[in-house]
Structure formats: C-alpha cells, structure tokens
Amino acid sequence: MSTIPASRLAENAAPLDALLVDAALGTIRRFVPDASTARWAISLARRPRTTVRRLGGLAGEAAKIVAGTSEVAPRRGDRRFADVGWTDNPLLRRLVQIYLAAGKTVEQLVVDADLDPRDRERVRFLLENIVEAVAPSNVPLVNPASAKAVIDTAGLSLVRGGTTLVKDLASSPRIPEMVDTSGFTLGENVAATPGAVVFRNDVLELIQYLPQCDEVYEVPLMVVPPTINKYYAIDLAPGRSLVEFSVQSNRQMFVISWRNPDARHADWNLDTYARAILDALDAVEEITGSSRTVLAGICSGGILASIVAAYLAGIGRQDRLAGVVLAVTVIDNAGSGTVAALTDPRLAARAKARSAKKGYLDGRALAEVFAWLRPSDLIWNYWVNNYLLGKKPPAFDILFWNADTTRMTAGLHADFVDLAMENQLIRPGALSVLGVPIDLGSVTVDNYIVAGIADHITPWENCYRTTQLFGGKSRFVLSTSGHIAALVNPPGNPKATFHTNDDHGADAKAWLKGAETRQGSWWNDGTAWLNQRCGDLKPAPKDLGSTRLQPLADAPGTYVYDK
C-alpha cells in the first residue's frame, strides 16, 4: 500500500508536458533548491513568530518523545515501519517518532509561507522528496529488517545489495530494479494470446488475434497503444489479458504494435503517427469487410486515437467509426497535478532542443520520471528490498512490461510537448494534423472513457473532462486502481469495484459524489457497451488476414522485440 494518501496521489500526478520535459532534461533538476525555495525561506523569515511557534512545537514533541509519552505513530498502512522492531526497540521507536514529527513540521512550514500556488507546489515537491529520502527505513543496519538480514547471511545481504546498487547506477534508468525479469518470455507467458501480424509499415505492426468463439461481432475493435511503452499492457499473463478476454467475448480484436524508433526516425511526428493509424484502419476494414470500426486508445495512444477520430470527422468520414474508447487518457491538461508547477515554456524549449539533438527521447529516462512520481512505492521500497536486504525484486507481469521501455521520436516528442503546454486539443482548430484542423467536438459517435482513481500519471479528473470535449454521448467509468492496474482488471476479483454515473456534468467531483459503486470488473461493463455498437454476431473467420494481407509473423510480431 502506498504511503501517500489517495487525495495526494492525484495532486502528485504529472501532466504530459511535465513528464516529457523531465524525461529530456533529467529529474535531478527537481531536487535542486531554486528561486521558489529562496522565496519560501524569505517568507518564513518575515513571519518569525509563526516559524518559531512551529519549531517550538517540534521541540516540545521531541521532549515528549524522549520521555516516552509521545503519541506520534506511523500512519496506518505505512509499510516502511511495519517491522515489529520499529515499535519493540525503544530507540528505534523514538527515532521514527522524531522523523515523523519533523516531517509534519516541514509540511506545516510550507503551508504557513506566503507563496503563490506555483512556488508552493515546487517547494512542497522538493521537501516531500527529501523527507522520503531521509526516512530511517532507508538506512542500512538502522532498518531492523536490514540488521537481521546481515546477521542471518553473515553480511552477504549487504554485499549483494552493494553490488546491485553499483550495477543499477552504471546505466539508465538510475533507479532500483523493480522486477525480476527472468521468469517472463514474450509470446509464452506475456503477450501470448494467439494471433498474427497482418499488416506492417515502417511505423507499426498490426496484430489480428485469433477468435476464441464460434461467432464474432461484425464490427471490429482496433487499439492504439501508448507510444512510450509497448502494447502488451493489455496482453499480460493469461487470465489477466484484456486481449484474451476480448477474443473470448466474441470480439474481432486488432492491436497496433509500434516500432521502437531510433535517431533515423527523428522526424516522425503527429502527422506520421496519424497516417500510420489510418493505414492500419484501412487494413482492418479490408480484413473484416466491415465499413465501421471501434477505435480505442490507451494513454498517449488515446491522444492519437482522438486526433484520428477528429481528422476523420473533419474530412467527412466519421462514418468509418462505430465508437471511440479511451483508457487512462488525458486530453485536457489544465491543472494536471503538482508537477505542472515544475514546467514552463523555457524548460519545454530546452527539452525539445535536447531530444532534437539526440533524435529521440530515451524511454529509460521516462521510466525514471514515472518512478519519481511515487518515490515511496517505486524508489525507496525497492531500495530497501534490493540494497538493504540484498533480495531480488518480485516477478510481476505489470512491472515486467513497465521495464520494457521504448524511445519516442524527437518529432513526436516536440509535438506532444507543444500540444500539452498549449492545451491545443480543447480549442477547436488550434491543432492541425495532415492538413486538417482538429475539433474534438465534431466527433459525434458515442465514446467510452475509463480512468483510475489512484492514477499518478493521468489524473482521473482530467480524464473525466474528455466527456465535455467530444460531441457524442459519453460513458465514463472510474476504476478503483492506478494507471495500468486500472486496465488489468479481470473479472473474478471479489474486491474489484468501479464507479458509474450517467449524468456527465462539467464537475468531475460532483459526478463522483453522485456515482454508483458497482461490484466487479469494468471489463464486463465495457463489453456490454461494445456489444450494443458492434452489430450482429456472424461466424468467426477461420483464417487471419485477407487474400492480399497474408499473415507476416505470429503474434506478438517482430517490432515488440526491438531494443
């Protein structure tokens, strides 16, 4: 369980522009005191009584801690201090109490300062990360689990941990390894749903999946995955694969697998990717014989899918779409969390220049940025496990996918930064793709939008705003999970729930207040929505591809192996 309250997860989320700028310039700049830090210190100096009162309160609490009368205790669910040694040992108990009391005082001093919202969020982010870093649980031998491991292994745990630390620091991303990848093989126990590549161009491969029912719905579904990770987040281990679930639910399923670009492809931009998606759509229509397709997109792939849908509406060919599905996708970037305060046009220009010089944005840099959005869970948790305890990280399919990074072309990086910084998609005609002004309001087919309430990358409130941008009828579903966990939600989990509300007003929080909590997986809800828009059932095709578009390779294809 995260040590960050759910209310703070959304605030700590990062808008697309901040993610892409940080990945290009490096996350270290966030942890260096700057002008905002100076203004915070000056503000406290101008309020000596308040500052002295806070520090006096800390001194008083420290006296109680030393005397053993303090009631300061870790928040429930704070697994950093779950080991009984933290409470049974009087010295360690007092050390934790001092740490927690000091951390609370730092939070209060940020609140007390007279700062504008941007400076306040910059200072808060810096100090929260420092407080996380200096936790006693991160210190070798002080952590009781670390001390016990040293005794049990005669010191080998620290030797293994130190060796792993040196290896991890030697190359990007310079963060603890989160997953033991040795137990996963593409095409065997992840990305293993049977299918074939039925179309390939320089930018993508199109995978058609083998039907697993005698009948399929007439209208197919084509998924546009993220451009900053590989496609198989929706085709993880059997039993946890959305692709597998779909083909077992009578769906004609097609998924794009992007090529992992390098410096040769630096000029590929929004036009390039939109054209590639349109080429894939042509192939889907040819193979299935359907004149309509449900177009789906995930995360940054959802941005591309939305642009393509608006492009088709702009040229009078919206009739090719039976609906639009977006998962964990932010279109309206306004106010997307704390990290928005850390980016400005000057930094954006530097970031674009740096990726242009290299020809691409390295996916490993993005992985580092994503990890620092939730440092307690994604940095320090593994710091303790890998370095202090000398253990291997767990084998988990989502984290295996997360570690399989891709690059982003400099051209697409620049276009995405501009799109997010200027919030172009909320203003009709502010962006043109393939020579056509983009207006999401002209997309009048029905849309299905799913988000995760604890998502630290695409805040659910921003995902919700898409209901106000499209011209068609919306259904918004809020899953009780984080970013990818919101997608990996197979039926059968008795604890799974999701929220729905047919009244899609402008206020996301009002929508949630009036929402119904439903038991089970949203996968079943999404299937029912698709069934109503995918025509009649017909006999499933016996062969993949078409007369002209013959299978080129078995799924998961060849581009997925690009490093």
Please give me the summed charge of the neighbours of Gly161: other residues whose Cβ is under 13 Å from its Cβ, Lys and Arg +1, Asp and Glu -1. +2
Provide the percentage of antiparallel DSSP beta bridges, counting only those with both residues in the chain; round to the nearest 5. 55 percent
Cβ under 11 Å from Arg275's Cβ, Arg275 left aside: what net charge do those residues give with Lys, Arg +1 and Asp, Glu -1? -4
Answer with one residue from Gly57, Gly492, Gly314: the one whose Cα lies farthest towards the positive end of the charge dipole of the chain, charges on Cβ with Lys, Arg +1 and Asp, Glu -1. Gly57
What list of whole percents do you get for P(r) of the stretch 113-252, with Cα-Cα distances grouped in 5 Å bins up to the one holding the largest distance? 2, 7, 10, 12, 11, 9, 9, 11, 10, 9, 7, 3, 1, 0
Distance histogram in 10 Å bins (all Cα pairs of the stretch 235-275, percent per bin): 22, 34, 23, 20, 0
Stokes-Einstein D in µm²/s, Kirkwood radius over Cα pairs - the chain at 25 °C with 0.890 mPa s viscosity: 97 µm²/s
With the 8 Å Cα cutoff and a minimum separation of six or more residues, the chain has a relative contact order in percent of 23 percent
Just the number, please: percent antiparallel of the DSSP beta bridges in the stretch 418-560, rounded to the nearest 5. 60 percent
Taking +1 at the Cβ of each Lys and Arg and -1 at the Cβ of each Asp and Glu, which of Leu537, Met253, Asn447 sits farthest along the dipole of the chain towards its positive end, judged by Cα position relative to the Cα centre? Asn447
Name the residue from Pro220, Tyr231, Pro194 whose Cα lies farthest towards the positive end of the charge dipole of the stretch 168-257, charges +1 on Cβ of Lys and Arg and -1 on Cβ of Asp and Glu. Tyr231
About the Cα centre, and with charges only on the beta carbon of Lys, Arg (+1) and Asp, Glu (-1), how big is the dipole of the chain? Nearest 20 debye, please. 1920 debye
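Only the coordinates and a few stated rules stand behind these numbers; no lab work does. Just so you know, these numbers come straight off a predicted model, no measurement behind them. All Cβ positions, even for glycine, are placed from backbone atoms using ideal geometry, and neighbour counts span all protein chains on display.
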